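A.B. asks: Structure provided below as structure tokens; questions to follow.
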Amino acid sequence: MISVIRVALDVPVPRLFDYLCADAHEEDVGARVLVSFGPRQMVGIIVEVATDSALPLDRLKSCERILRDLPPLPGEWIALAKFCSEYYQMPIGEALLTALPPRLRRAEPLADTDCFYSITVPGRAVLQHLQPRQKILRRILEALLAKPQTGSQLTHTAHTNRTKIRECIANLWIEKHTPPSEVHEFVIAHPLNEEQSNALEQAKAALKEYASFLLFGITGSGKTEVYLNLIAHVISEGRQALVLVPEIALTPSLESLFRERFPTAKLCIQHSEMGQVERAQSWVEASQGKAHIVLGTRLAVFVPMPRLGLIVVDEEQDSSYKQQDGLRYSARDLAIFKARQWNVPALLCSATPSLETLHHAHTGRYRLLRLTKRAHKSARLPAIHLVDTRKSLNGEGLSEPLLQALTHRLERREQSVLFLNRRGFAPVLACGHCGWVSGCPRCSVNLVMHLAGRVLRCHHCGFHSQIPRACPQCGNLDLAPLGRGTERLETEVTAKFPHAHVLRIDSDSSRGKLRGLLETAHSGDADILVGTQLLAKGHHFERVTLVGVLNADAGLFAADYRAPERLFAQLQQVAGRAGRANLPGEVFIQTRFPLHPLYRALQQQNYEGYARELLEERRTAGFPPFIHEAALRAQAPTMETSLTFLKTAVSLAPEAPEPLTIYDPAPASLSKLAGLERAQLVVQSHSRPILQEFLRTWNKTLCALQTKVRWHFDVDPIEF
Ligand code: ADP
Ligand code: ZN
Ligand code: ZN
């Protein structure tokens, strides 16, 4: 009998599409399917199998074919994506297809998934006679000589790709292999201290059902160690663990740590920088229950795991968990939804939890696990000094106390970190004569001057142009770079300390070479590391005993009410780079506001006290977590068009039930981006269900509107 299948497609229309299908059964719900849509062929997902349609059956097209190379996606997976679509007001098709790795949105079947590789007898012989330039081949063969590995392990240990591995197979130097027997080895690095064991025991006791934990402990207090132990326990019981981290591509050391500590476990890595085939293959493996641990960025929350037993969200406050375009989801919040759905615990970890999470911990919705001491016996918390730049210099550059501290480190052959969260040479180029500044022609921001390549570059839209020789407005030849970025700081530090090895680590210097730069930094070869937040995250440099922070004040007075919380987290993270092992650390923060409560709290290591004050302010001002918010945003070639659209939207808003407030439309803080003028309005309510219902109805009305304006909802926005 002919069935009707209702298919989710990645198109901006909030509905499913019906197709005829000769061989569809109830079990095909969740299967990928190839259909023609307009002039194109697309892969969609079957959400329902039915016998009827709102359209006459003879008007329906037939689907091309159901893709049976993979089993259908499980019901829980569809439920998670559906929840995402409803909660974030996204068309169902866009939500479902966004949750799928890009490679699975294509029809060609995936090659067979991961198996083990081992070195052959000819391979061993070849290894004896390799030329010095055959470096990759040597790495592959030596890695396999040490032990058999899966394809994804091998690409990691040998720093190579699948093509090289295939070459080795073709040459019979290595061979495929059935997986070795399942033994779960966990390498114990340290016996846990009392606080750690307490936290571990409490979490272990709750493994049988849903519970949310906040593991709250200063940097270096051993949070990672606690969740590694918990994961070991979970996988020893035959279940899978999902670990979300902010930026795995930037922290190869984290992947290495997992491989070291779980040498026999199958690890599935998921992030957007990896190859599409590799990502899809490891996704499929996790979904078949073969992977023990899934480790990835926000998108990993969508990996189906049939034996899910635990979800860990590391650095839960990190803003990268929120996707800022397309499907604007928060992976942290979805992690909690998923934990409930699977009736398993979620463990949120942070040294500086978001105020939302902290509030939940205070009110008992989340259970609080505290670590108050640094785990490494001899590691003490760094002393934090505030350098008043109103006295020692006019706000920029390196102050005398910081220069002295740097000199001492060089004498003692210890490393220093200089943190400046602004890349490029200078944030703007200006003409002192007529007042011209290097603005981006497409955005409401300045073009940043970069010495490398001698360009002015927009950090928002990518626009770039050559540095002009003379002022484009008045012809003045004397253009001045204002302010300072990491490139300039590097130049200045090198001039001050000509014998020191200065290494700059930011996204400009590291393009494709981050691993190498970090290796140099770790080897202790570099004396002074100059860098942006790229340097602050998750790296352990044994010999760093000094951290200098420049221009932190920029974050103090930002318009966004989340700015102080973010600045605190960032500074604490940077400060945590100092004195992690055996050497005591010192931090110098240069500021014009040494009495600011944020710096005071940082000095006293009192995030919680400061956070309570911030929470009180939020309560009084009526901000989250005491209220729920959504933004409606619009962008168009002129501001007027954007604002007019939002005003029309307000006039079409459904009857607003109490208590719900719609604020007036206003230009966004980045009011122009890539040639489009942006405006937004905010809706607030004390009741989540009322807000959700309101948005749902409003969204429907707006979708029916014919407009050229691009608009979207952002539910629980974190940037304005
Ligand atoms: P966090 O995740 O809280 O920043 P980590 O778990 O990374 O802290 O631990 C910080 C450092 O202390 C690491 O080098 C780790 O190996 C070490 N460490 C953790 N737990 C212990 C322990 N119980 N005894 C000794 N060292 C420990
Ligand atoms: Zn000029
Ligand atoms: Zn721009």
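The values are calculated or read from the model by the stated rules, or taken from the named source; none is laboratory data. Computed from a predicted structure; not experimentally measured. Because the Cβ atoms are built from the backbone with ideal geometry, glycine has one as well, and the counts that use them run over all protein chains shown. The accessibility values were calculated without ligands, DNA or RNA, using every heavy atom of the protein model including side chains. Shrake-Rupley method; radii C 1.70, N 1.55, O 1.52, S 1.80 Å.
A.B. asks: Take the Cα atoms of the range 194-371, build their convex hull, and give its volume per residue in Å³.
C.D. replies: Per-residue hull volume (Cα only) is 113 Å³.
A.B. asks: Grab the DSSP H runs of the chain that are 4 residues or longer, score each as -39,500 (n - 2.57), total them, divide by all residues and round the 222 nm result to the nearest 500 deg cm²/dmol.
C.D. replies: -9500 deg cm²/dmol
A.B. asks: Under a point-charge model restricted to the Cβ atoms of Lys and Arg (+1) and Asp and Glu (-1), what is the dipole moment magnitude of the chain relative to its Cα centre, in debye to the nearest 20?
C.D. replies: 1380 debye
A.B. asks: Below 8 Å between Cα atoms, with a sequence gap of 6+, how large is the relative contact order for the range 41-158 in percent?
C.D. replies: Answer for the range 41-158 is 23 percent.
A.B. asks: Contour minus end-to-end for N606 and A674, with contour as 0.36 nm per residue of separation and end-to-end as the Cα-Cα distance?
C.D. replies: 20.4 nm
A.B. asks: To continue, here is another question. Given A339, Q533, Q605, which one lies farthest toward the positive end of the charge dipole of the chain, if we put +1 on the Cβ of every Lys and Arg and -1 on the Cβ of every Asp and Glu?
C.D. replies: Q533
A.B. asks: Same structure, new question: Taking all protein chains in place and a 1.4 Å probe, what share, in percent, of the accessible surface of the range 73-197 do carbon and sulfur account for?
C.D. replies: C and S fraction of accessible area: 56 percent.
A.B. asks: How big is the range 628-715 on each of its three principal axes, counting only the C-alpha atoms and giving the largest first in Å?
C.D. replies: If we take the Cα atoms of the range 628-715, the spans are 37, 27, 17 Å.
A.B. asks: On to the next question. Could you list, in their original order, any pairs among K391/K537; K266/K537; K147/K290; K82/K266; K204/K266; K176/K537 whose Cα atoms are separated by more than 27 Å?
C.D. replies: Beyond 27 Å: K391/K537; K82/K266; K176/K537.
A.B. asks: Ratio of Rg to Rh for the range 310-427, alpha carbon only, Kirkwood?
C.D. replies: 1.10
A.B. asks: OK, next. Calculate, in nm to one decimal, what V437 and K176 gain on full extension: separation in residues at 0.36 nm each, minus their alpha carbon distance.
C.D. replies: 87.9 nm
A.B. asks: Further question on the same structure: With label points built 7 Å along Cα→Cβ from the Cα atoms of A189 and S53, find their separation and express it in nm.
C.D. replies: 5.7 nm
A.B. asks: Expressed as a whole percent, how much of the Cα-Cα distance distribution for the range 571-720 exceeds 24 Å?
C.D. replies: Counting every Cα pair in the range 571-720, those more than 24 Å apart make up 51 percent.
A.B. asks: May I pose another question? Please give, to one decimal in nm, the separation of the simple spin-label points placed at H408 and S256, each 7 Å out from Cα toward the Cβ.
C.D. replies: 3.0 nm
A.B. asks: How big is the equivalent ellipsoid of the range 423-579 along its three axes, where each semi-axis is √(5λ) from the Cα gyration tensor, reported in whole Å from largest to smallest?
C.D. replies: After diagonalising the Cα gyration tensor, the semi-axes are 30, 20, 14 Å.
A.B. asks: Could you tell me how far the Cα centroid of the range 235-274 sits from the Cα centroid of the range 284-306, in Å?
C.D. replies: Distance between centres, Cα-based: 10 Å.
A.B. asks: Moving on. Taking every DSSP beta bridge that has both residues in the chain, what percent is antiparallel when rounded to the nearest 5?
C.D. replies: Percentage antiparallel, nearest 5: 55.
A.B. asks: State, as an integer percentage, the relative contact order of the chain based on alpha-carbon contacts under 8 Å between residues 6 or more apart.
C.D. replies: RCO, the chain: 10 percent.
A.B. asks: May I ask which residue of F302, A361, L154 lies farthest towards the positive end of the charge dipole of the chain, with charges of +1 (Lys, Arg) and -1 (Asp, Glu) on Cβ and the Cα centre as origin?
C.D. replies: It is L154.
A.B. asks: Out of the total accessible area of the range 628-715 (probe 1.4 Å, heavy atoms of protein only), what percent is carbon and sulfur?
C.D. replies: Reported share for carbon and sulfur atoms: 55 percent.
A.B. asks: What is the Å³ per residue value for the convex hull set by the Cα atoms of the chain?
C.D. replies: Hull volume normalised by residue count: 197 Å³.
A.B. asks: Right, another one. Roughly speaking, what is the stretch gain from A704 to A146, that is 0.36 nm per residue apart minus the C-alpha to C-alpha distance, in nm to one decimal?
C.D. replies: 194.7 nm
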